[in-house]
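Chemist: My questions all concern the structure below.
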Amino acid sequence: MMDIGVLVSGSGTNLQAILDAVAAGTLSARVAVVVSNVPEAGAIERARAAGVDAVVVDHMNFADRHAFDAAVVKILRAHCVRLVVLAGFMRLLTEVLLNEFPMQIVNVHPALLPSFPGIHGQEQALAYGVRIAGCTVHFVDKGTDTGPIIAQAAVAVLDDDDEDSLRLRILAREHELLPRALQWIIEGRVTVEPPKTAGGRARVRVRGVQTGVGVS
């Protein structure tokens, strides 16, 4: 059983997917703490309803990102967290947090990276006219959505899709993919290999599983 910490900023549907997987016994983890940078985030109530300690660290109360991240690290360490999950956490991380948890921070992104990094991945996908969108679970490094890719799931873009409809279908796949990828990490199946070429992305190997999920 691994203690994980979940960082949130919004409604917390991916947090709920994690909590549900823990309750169902498909994720061998304990959510030790949920940290929100937004005092009114819906994820806080989800955490408390599940009996999980939820802490608000309002980024507006800090002089800079480094000071904020240091406060978050202190909370995570106090709860003996070994793996950190960004579940709709809308803050860029500094080296303060990254160096404390090297290749132990996982993010879920609503696009098939390396395409459409940053915010509004669904809107970008529609603007470029792609026929396949999706989501990516990846380790976090110092770049914006540049970390090693653990797993991806594809979602067909329908002719009548708008940003909201596509977002909801991608989100449903995120809820499936994120707990699954976390379980692989907890089981020790995941290793990260260095890039084969200069400027390339490190590659993740996952022993005994298929990390690409079919189009839905």
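The values are calculated or read from the model by the stated rules, or taken from the named source; none is laboratory data. Since the model is a prediction, treat every value here as computed from it, not as a measurement. Note that we place each Cβ from the backbone using ideal geometry, even for glycine, and neighbour counts take in every protein chain shown.
Chemist: Going through Asp3, Asp53 one at a time, which residue ends up being farther than 22 Å from Glu95 by Cβ, in contact (Cβ under 8 Å) with a residue 60 or more places away in the chain, surrounded by fewer than 18 Cβ atoms within 10 Å (Cβ to Cβ) and not assigned by TED's automatic domain parsing to the domain that holds Ile186? Please lay out each step first, then the result.
Modeler: Working: Asp53 fails: in contact (Cβ under 8 Å) with a residue 60 or more places away in the chain.
That would be Asp3, the only listed residue that is farther than 22 Å from Glu95 by Cβ, in contact (Cβ under 8 Å) with a residue 60 or more places away in the chain, surrounded by fewer than 18 Cβ atoms within 10 Å (Cβ to Cβ) and not assigned by TED's automatic domain parsing to the domain that holds Ile186.
Chemist: Restricting to region 146-200, count the residues that are aliphatic (A, V, I, L, M) and more than 20 Å from Ser115 (Cβ to Cβ).
Modeler: The total comes to 6.
Chemist: Need a quick list: strands (runs of 3 or more DSSP E) entirely within region 99-216 having at least 3 residues that are at negative phi and surrounded by 15 or more Cβ atoms within 10 Å (Cβ to Cβ).
Modeler: In region 99-216, 105-109, 132-139, 149-156 are the strands (runs of 3 or more DSSP E) which contain 3 or more residues that are at negative phi and surrounded by 15 or more Cβ atoms within 10 Å (Cβ to Cβ).
Chemist: Does Val34 satisfy being touching a residue at least 40 places away in the same chain (Cβ under 8 Å), of a type in the set (A, V, I, L, M, F, W, C) and assigned to a strand (DSSP E or B)?
Modeler: no
Chemist: Only one of Ile105, Ile132, Ile119 is in contact with a strand residue (DSSP E or B) (Cβ under 7 Å, 6 or more places away or on another chain), over 18 Å from Pro148 (Cβ atoms) and of a type outside the set (Gly, Ala, Ser). Can you tell me which?
Modeler: Ile132
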